[in-house]
Amino acid sequence: MSLSQRLARVQPVMPGVQRTFIPFGEWLPDLGSFNNPGVYLSPGFFPVGSGFKSVKNVSVASDAIDNRPQGLVAARDTASNIYVYSGDSSKIYSLTSQVWGDVSKGGGYNTAADDVWSFVQFNNKIIATNFADPVQAITLGGANFADLITSTNKPKARYVAATRNFLILGNTNDTTDGAKPNRVWWSAIGDETDFDPAASTQSDYQDIETGGWIRAIVAFAEYALIFMDSSVVRMTYEGPPTIFRFDVIDSTRGTPFPGSVISQGRNVYFISEEGFMVTDGVSVRPIGHNKVDNDLFAYTDGVFFDRFSSAIDPLNKLILFGAPSPQGILNRTYIYSWAEQKFSLLEHLPALSQYATILTQGYTLDGLDVLGTDIDDSGVFANSFDSRLWSGGLLQLAAMDSNKKLVLFDSTPSPACGITTSFQRFGRQKSRVLGFRIHSSGLGSPMASVTASIFSTSDPGTATTTITSLDVRTALDSYIPVPTGSDNWYHRFSLTWSAGLSDVIISGIDVDWVPTGAY
């Protein structure tokens, strides 16, 4: 529904007064601040149903690793035990009772500053690669990682995936041909240690001649998708003699941002040089055009392409795309609801290094000491003891923060602000706001921190003037009269709060106003 259609949904209240419902729509920064059909600014919210909810803040779930995190993964073994691994420039760590322990091979590693650790579970092993060192593997629950490949050919790789009982390596370096950023290797079927090409084992490699470098590989049970700089290629098993068939499904849109590639069900989301995209393995379509693409590229300076990071929030059906600042930290996150097909923005969290979706390990009483000794601390102990934080085996949105610690999004919601578009209610006339009512649903914590503001201006392209700011200490659905002073050409409305509205859905506001004069 267009903005004009929305504003036409008015109710007569008394002679000369009109009541209009203004919904808090999708965050659409690319459409500017005037006549925007959505919300112009929404940091701290995520879309749900017909409104928005506050994003939860993070709680600390581990001690720190030694250096900047460059990879994070969780896996479950056949006995349903949960294992969490992280990698940095020189080590790989395993998390036990909220403490990171070094499980590197002897001598450690040499991960470059602009490379990452790529992890995949293959049967009961975690396979890890960083391009600089031999491909690594550990049996879940084992003591240390070790070199995986035992065949004559031992390619190194930037990316690893697995499909149909083959281990796949992408963007490789081998002793015969050197660096081959467009090459894909696959192991012998059922033997992840053997990369010697042979018809009997079906191991082989393929150079993809179009699209630039391989930037990511996402594998499913039947096929894998290979994301190049400027193309997306589908890798489908055919069996001997070709083994795998390679089909270009999009020859113009790939990704230079490896960390932006994230799968949800059969769909894979990523950021191309055009903006936000999604593919179902058959075609690629844009999802950020006239919404957030321009905002993203205005923010991103292109220095830290390797530090984009993405993850799934399974509980809220969200995808989070962390965009690095000029300092290389993730302090601006684009949230996409695949259920609602809407975007929002997150800015008010502690600085993060990397997002991930993990399986929680849960806590023991002995493991609580690493998180603090004072139960009144505002960090992890802000969670109730029936929180998902304390129990194990659940999919959970997680991240590594700038302090190199694992954090979970399971605490008191972060600060949030929703601002409507600027608009002119009565065509070529001034208007005055008499009062408004905030529409909400759900149960939440006390509302004392919520502030409602009205901004009025004579020019929607200039800075607005705050006419009134009212502390909402009653129920959100109460009617709030507005003192005299909002008489002007253009108006917009804002709701802000510091924290605490975890279960409230804000859907919009009813506004009463009157015309006060023509041009």
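Screening region 307-335 for residues that are of a type in the set (A, V, I, L, M, F, W, C) and in contact with a Pro (Cβ under 9 Å, 6 or more places away or on another chain) and picking the one that is farthest from Phe45 (Cα to Cα) gives Phe308. For the structure I just gave you, tell me whether Ser494 is at pLDDT below 70 and either among the small types (Gly, Ala, Ser) or buried (at least 19 other Cβ atoms within 10 Å of the Cβ) (or both). No.
In region 45-94, counting only strands (runs of 3 or more DSSP E) that sit wholly within it, the ones holding 3 or more residues that are among the polar types (S, T, N, Q) span 56-64.
Take region 13-43 and flag every residue that is assigned to a loop (DSSP other than H, G, I, E, B) and surrounded by 19 or more Cβ atoms within 10 Å (Cβ to Cβ).
So in region 13-43, the residues assigned to a loop (DSSP other than H, G, I, E, B) come out as 15-16, 24-26, 28, 32-33, 35-38, 42.
The answer is Phe24, Gly25, Glu26, Leu28, Asn36, Gly38, Ser42.
Selection of region 238-256 for residues being closer than 28 Å to Phe308 by Cβ and part of a loop (DSSP other than H, G, I, E, B) yields Ser251, Thr252, Arg253, Gly254, Thr255, Pro256.
Note on region 497-519: among residues that are at pLDDT 75 or above and of a type outside the set (A, V, I, L, M), the one that is surrounded by the fewest Cβ atoms within 10 Å (Cβ to Cβ) is Gly517.
Taking Leu320 as the residue in question, decide whether it is buried (at least 20 other Cβ atoms within 10 Å of the Cβ), closer than 20 Å to Leu72 by Cβ and either modelled with pLDDT of 95 or more or not assigned by TED's automatic domain parsing to the domain that holds Asn130 (or both).
Considered against the rule, which asks whether it is buried (at least 20 other Cβ atoms within 10 Å of the Cβ), closer than 20 Å to Leu72 by Cβ and either modelled with pLDDT of 95 or more or not assigned by TED's automatic domain parsing to the domain that holds Asn130 (or both), Leu320 comes out as yes.
Screening region 290-309 for residues that are surrounded by fewer than 19 Cβ atoms within 10 Å (Cβ to Cβ), touching a residue at least 24 places away in the same chain (Cβ under 8 Å) and not acidic (Asp, Glu) and picking the one that is nearest to Ala216 (Cα to Cα) gives Phe305. Listed by position, the strands (runs of 3 or more DSSP E) enclosed by region 100-188 that each have at least 1 residues that are within 24 Å of Asp229 (Cα to Cα) are 118-122, 125-129, 156-163, 166-174, 178-186.
The values are calculated or read from the model by the stated rules, or taken from the named source; none is laboratory data. What you see is a predicted model; the values in this text were computed from it and never measured. Here Cβ is always computed from backbone atoms with ideal geometry, including for glycine, and neighbour counts include all displayed protein chains.
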